[in-house]
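What follows is calculated from the coordinates using simple rules that are stated; it is not laboratory data. The model shown is predicted, which means the values in this text are computed figures rather than measured ones. Glycine gets a Cβ as well: all are built from the backbone with ideal geometry, and neighbour counts include every protein chain shown.
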Amino acid sequence: MEVQITSENFPKLLIGELPLVVDFWAPWCGPCRLVGPIMSELAEKYDGKLIVGKCDVEENDELAAEFGIRNIPTVLFFKDGKQVDKLVGAVSKQTFEEKFQSII
C-alpha cells in the first residue's frame, strides 16, 4: 500500500519501525507517470516489509527543498531514520527492486 507523504506525516513515518521509500513526483511529470505504477506494484509486493510513499513536490515544496530535490522523479530510501540511497529519473523496475531489497 502506498502512503501520501506530507510535511506533517513524514517525521513519524521516518522514525517508524519499517524502512521508508519516498517517491518525489508531480502530476504533470511524464517520467513520474512511468515510475508511479512500478512504485504501486512494489508497494504491494513489499507490504509489511517497508513503507512506500508518494510526495507531490508542488504540495510539499518545503519537504522537497529539505532534501534538495531538483529533478523528478527522485526516490529516496530511508532506514533507521537516515537516508541511505537515492535514485533520480525513471529507472527500471529491476533497479528499484534491487534498492528495495537492499534496505529490508
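Some notes on this structure:
- Single residue of region 48-75 satisfying the filter (under 15 Å from Q4 (Cα atoms) and of a type in the set (D, E, K, R)) that is nearest to the chain's Cα centre (by Cα): K54
- For region 1-16, filtering for residues that are out of contact with any strand residue (DSSP E or B) (no Cβ under 9 Å at 6 or more places or on another chain) and closer than 19 Å to D85 by Cβ leaves 1.
- The residue that is surrounded by the fewest Cβ atoms within 10 Å (Cβ to Cβ), counting only those in region 22-45 that are of a type outside the set (A, V, I, L, M, F, W, C) and within 21 Å of G68 (Cβ to Cβ), is P31.
- Contact map, region 84-101: residues that are in contact (Cβ under 8 Å) with a residue 12 or more places away in the chain paired with residues that are in a strand (DSSP E or B) and acidic (D, E), Cβ distance under 9 Å, separation 6+ or inter-chain. Pairs shown: K99/D85.
- Number of the exception - G48 against (1) surrounded by 15 or more Cβ atoms within 10 Å (Cβ to Cβ); (2) more than 21 Å from T95 (Cβ to Cβ): (1)
- Any hit, region 13-21, residues being without any contact (Cβ under 8 Å) to a residue 60 or more places away in the chain, buried (at least 18 other Cβ atoms within 10 Å of the Cβ) and closer than 16 Å to E2 by Cα: yes
- Residue in region 60-104 that is surrounded by the most Cβ atoms within 10 Å (Cβ to Cβ), counting only those that are among the basic types (K, R) and outside any helix (DSSP H, G or I): K79
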